[in-house]
Amino acid sequence: MYRLRLRTSLLVAALLALVAIPAAAQSGQTISLTVDATQAPLKIVRTHMTLAVKTGPLTLYYPKWIPGEYGPDGPIGNVTGLKFAANGKTIPWTRDTLDVFTFHVNIPTAVDQLEVSFDYIEPNSSGFATASSSATDKLVVINWNQNVLYPAGTPAEQLSYQTKLMLPPGWKFGTALAVQAQSADDVIFKPVSLVRLVDSPVIAGQYFRSFDLTPPGEPIHHQIDVVADSEIALNMSPLVQKQMTNLVAESGKLFGARHYREYHFLLTLSDYVAHFGLEHHESNDSRLPERALISSDASLTLGGLLAHEFAHSWNGKYRRPANLTVPYYQAPMETDLLWGYEGLTDYVGPLLAVRSGLWTPEIYREYLASVAASLGPGRPGRTWRPLVDTATGVPGVRGGGGWTNWRRGSDYYDEGDLLWLEVATIIHRESRGQKTIDDFCHAFHGGTNNGPEVKPYTFADLVRILNDIVPFDWTSFLQEKLNSTSNDAPVGGIENGGWKVVYNEEPLHLWGRRNNVGDAYSIGLQISANGDVSDSMVGSPAFNAGITSGMKVVGVNGRVYTHELLDDAIAASKNTSKQITLLVVDDDYFKTCVIEYHGGERYPHLVRDGAKPDYLDELIKPHAGS
Ligand SMILES: [Zn+2]
């Protein structure tokens, strides 16, 4: 508690220092922004801005800390062709020597309007989340933070932007922004604050469809807007549309209120954009492979991604950790409460997916089993790095580059998921069945719908609200979970729910979000169909044989590698004293690695514990009566 308070006060001091920067931009004005995406297929999006200024020094920022990405990773390296001008004359600029996102200009006398123009080059693949590839020949995703500068000295909430978007001929678009006027391929949006603009991306493309997802009797409109690289990829089945509508209904039951005027799922389907989801108050920017909607796994995939991003409208956007709530995009974020922001979302997203029918109860249980198994035993990342540090380290320690478990860069998702399941079962137990996690969500995420707003919270606020639901030593419980370095997964919630994690030879019936995990529980390798090793569990039989992340397996027991041959060798291992011999390429050297393993195939599953009532099943039943 003390530590949190100290850190918050340090942040406030840092913010005050930033706000104190002198600026010559006129406050209260509406900045005119034109984003020309007509050349998006050529991977270039052009910005032109006009803002009122006063004579003297002026500082402008390119957004640095991106909401939902919680890192200083605004894609400044893709900004090119930057020009400042007034009265037809170029004005020289300089970049700040301490912060590459900051630009300085000197406004000459008798100048009251500044013209700013630059190009944003759409990256091919590098970059994190929205800073990765976002445009193809047939579609584009516009995240406005990439196409805007803003003057220093005014909170983003108080800067107003009048935005015009120019699209290639015939392209259609989806967004939560309200349209003021539209002519041919130009769209003018109603003026909004910079906060609302950055929070409201646009998807646009040649192939576009919208589907209504508003449940019967629901007063607030919901829809999914889809752009894809082909017409056929837009074909959402009536069943999936019904399940997505159930998702909306279930969200109303779980949270008891909405905090948006209307909601748009913005879904981009392409094999040539980055695949991820980013949450917003009134929409989410979710990106999947081109055929995701028309594949037989559509419900599983949408349930995994869209339910999570949708739940963020309440948990992360409306209720947001206080030290992630910053007045503008230059202000650093502190991420130590991401086990609340992401961890609770990672719990309620799948909960909503199964309640709405996107997931079956069996998939949900297999998912929980895979989450538990990813944390231990045999996954030693947890023995050096407590949950809270996986959250605190995010701005500089995201992971990537292999060694996934040993780094455990994003375990605040998975471990947060199990943490909040345990919270749900404790609420049930301590209240003797009178209260549920839904009561907590009503208290924490409910309230009045005033449209998008932020209600920041601290660790103390969370504990207080949990205690209001049912008295318990929540502080000690959470501190123990946040700081544990146990070798075993935190499976208290699964066990309180009447289930337990077991390992057997039956493969996991879950091939949604987690792929290539089959051999991780036996010899300790995460390995792709072509033999690339994405992770080798430190201390596992494969690791002890000399195989680590980045190597490539090319042979199994004297034959050319296939995943099937490796699985056969693992299955046969328990009936023989012979080792498994893998031929491995390490850089350009061949290596023969001999794995001492005789356990056969091992996959995690949940099985019922007959000694306890099945509360897990109770939690995941449909609540909206659809
Ligand atoms: Zn999330």
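The values are calculated or read from the model by the stated rules, or taken from the named source; none is laboratory data. None of these values were measured; they are calculated from a predicted model. Every residue, glycine as well, gets a Cβ built from its backbone with ideal geometry; the counts of neighbours run over all protein chains shown. Just the protein is used for accessible areas: all its heavy atoms, side chains included, with ligands, DNA and RNA removed. Shrake-Rupley method; radii C 1.70, N 1.55, O 1.52, S 1.80 Å.
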Inset, instruction - Out of P332, P327, report the one residue that is at pLDDT below 95 and either open to solvent by 10 Å² or more (accessible area, probe 1.4 Å) or not in a loop (DSSP other than H, G, I, E, B) (or both). - result: P327
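Can you list the strands (runs of 3 or more DSSP E) lying wholly within segment 61-132 that have 1 or more residues being surrounded by 17 or more Cβ atoms within 10 Å (Cβ to Cβ) and hydroxyl-bearing (S, T, Y)?
102-107, 113-121
Could you tell me which of the residues F310, F255 is away from the ligand (no atom under 14 Å from the Cβ) and either of a type in the set (A, V, I, L, M) or surrounded by 22 or more Cβ atoms within 10 Å (Cβ to Cβ) (or both)?
Residue meeting the stated conditions: F255.
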Inset, instruction - Test I91 against the stated conditions and say whether it is β-branched (V, I, T), modelled with pLDDT of 95 or more and within 16 Å of the ligand (Cβ to nearest atom). - result: no
Legend entry - Subset of segment 183-233 (residues that are assigned to a strand (DSSP E or B), of a type in the set (V, I, T) and touching a His at 6+ places or on another chain (Cβ under 8 Å)): I224
Inset, instruction - Using the structure shown, decide if L606 is of a type outside the set (V, I, T), in a strand (DSSP E or B) and in contact with a Cys (Cβ under 9 Å, 6 or more places away or on another chain). - result: no
Legend entry - Options G399, G433: the member that is out of contact with any strand residue (DSSP E or B) (no Cβ under 8 Å at 6 or more places or on another chain), open to solvent by 10 Å² or more (accessible area, probe 1.4 Å) and within 24 Å of G277 (Cβ to Cβ): G399
Inset, instruction - Find all pairs meeting these conditions: Cβ atoms under 7 angstrom apart; at least six residues apart or on different chains; first residue within segment 310-324 and at positive phi; second residue open to solvent by less than 10 Å² (accessible area, probe 1.4 Å) and at pLDDT 95 or above. - result: G316/E279; G316/Y341; G316/T345
Inset, instruction - Could you tell me whether R319 is within 16 Å of the ligand (Cβ to nearest atom), within 23 Å of P72 (Cα to Cα) and open to solvent by 10 Å² or more (accessible area, probe 1.4 Å)? - result: yes
Inset, instruction - Check segment 370-392 and report whether any residue there is out of contact with any helix residue (DSSP H, G or I) (no Cβ under 8 Å at 6 or more places or on another chain), closer than 26 Å to D535 by Cα, free of Cβ contacts under 8 Å to residues at least 40 places away in the same chain and away from the ligand (no atom under 16 Å from the Cβ). - result: yes
Inset, instruction - Tell me which of these E415 doesn't satisfy, since it passes every other one: (1) at pLDDT 95 or above; (2) among the charged types (D, E, K, R); (3) more than 23 Å from F128 (Cα to Cα); (4) crowded, with 23+ Cβ neighbours inside 10 Å. - result: (3)
Inset, instruction - Could you list, in sequence order, all residues of segment 574-595 that are among the hydroxyl-bearing types (S, T, Y) and free of Cβ contacts under 8 Å to residues at least 12 places away in the same chain? - result: Y589, T592
Inset, instruction - Give segment 134-152 a look and list any residue that's farther than 18 Å from P67 by Cβ and crowded, with 19+ Cβ neighbours inside 10 Å, or say none. - result: A135, T136, K138, L139, V140, P151, A152
Inset, instruction - Go through the residues of segment 350-363 one by one and say whether even a single one is surrounded by 24 or more Cβ atoms within 10 Å (Cβ to Cβ), of a type in the set (K, R), more than 14 Å from the ligand (Cβ to nearest atom) and part of a helix (DSSP H, G or I). - result: yes
